[in-house]
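Have a look at the structure below before the remarks.
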């Protein structure tokens, strides 16, 4: 079992608490088609996933003193959850934005340029699967030299797997 964190509004957490499990919901999906793509990936890569909308997880504990998690003034919770690694699909947070923005997930500038000119054999959609290859070599000038930010997705989380609830108001 591994520790992960998920951020939810207080309102959503109260609903989860009453139903005794957490599960993503279509009405909370900010990017419908992209979430559907991730759900197909989860089905393909997670042995026990049964098709729920994803719950987004952080691999490293998010610092709630920073802005950008929620709109300022929103009452939220940071949930510490303990999950089996086989129930979490880990991906590169920055590369996920290629999916969100309908870009190729290129490893360097030349590959990006070659794709734009129709010179690559890989499709844009096939390139998106690179977000799961956390050890692939990428050009530091193209991607930066910083540490990768990892995220995870999972289906249902039974309430007993929530180990800690921390309330906060978003900045």
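What about residue 165, is it in contact with a strand residue (DSSP E or B) (Cβ under 6 Å, 6 or more places away or on another chain), closer than 25 Å to residue 7 by Cβ and loosely packed, with under 15 Cβ neighbours inside 10 Å?
Details: in contact with a strand residue (DSSP E or B) (Cβ under 6 Å, 6 or more places away or on another chain): yes; closer than 25 Å to residue 7 by Cβ: yes; loosely packed, with under 15 Cβ neighbours inside 10 Å: yes.
So residue 165 fits the description; yes.
Against the condition over 15 Å from the mean Cα position of the chain (by Cα), part of a helix (DSSP H, G or I) and surrounded by 14 or more Cβ atoms within 10 Å (Cβ to Cβ), how does residue 103 come out, does it pass?
no
Please work out which residue is modelled with the highest pLDDT, limiting yourself to the stretch 129-157 and to residues that are in a loop (DSSP other than H, G, I, E, B) and buried (at least 18 other Cβ atoms within 10 Å of the Cβ). So that I can check it myself, show each step before the final result.
As a first pass, look at the stretch 129-157 and keep what is in a loop (DSSP other than H, G, I, E, B): 133-139, 144-149, 155-156.
Now restrict to residues that are buried (at least 18 other Cβ atoms within 10 Å of the Cβ): 138, 155.
Values: 138: 76, 155: 95.
It comes out as 155.
Test residue 115 against the stated conditions and say whether it is touching a strand residue (DSSP E or B) at 6+ places or on another chain (Cβ under 6 Å) and either in a loop (DSSP other than H, G, I, E, B) or free of Cβ contacts under 8 Å to residues at least 60 places away in the same chain (or both).
Taking the combined requirement at face value, the residue does not satisfy it.
Within the set of pairs 6 or more residues apart or between chains, which connect a residue that is over 30 Å from residue 75 (Cβ atoms) inside the stretch 37-65 to a residue that is modelled with pLDDT of 95 or more and assigned to a strand (DSSP E or B) with Cβ atoms less than 6 Å apart?
45/89; 46/89
The values are calculated or read from the model by the stated rules, or taken from the named source; none is laboratory data. The shown structure was predicted, so the numbers you read here are calculated from the model rather than taken from an experiment. Positions of Cβ are generated from backbone atoms using ideal geometry, with glycine treated the same way; all protein chains shown enter the neighbour counts.
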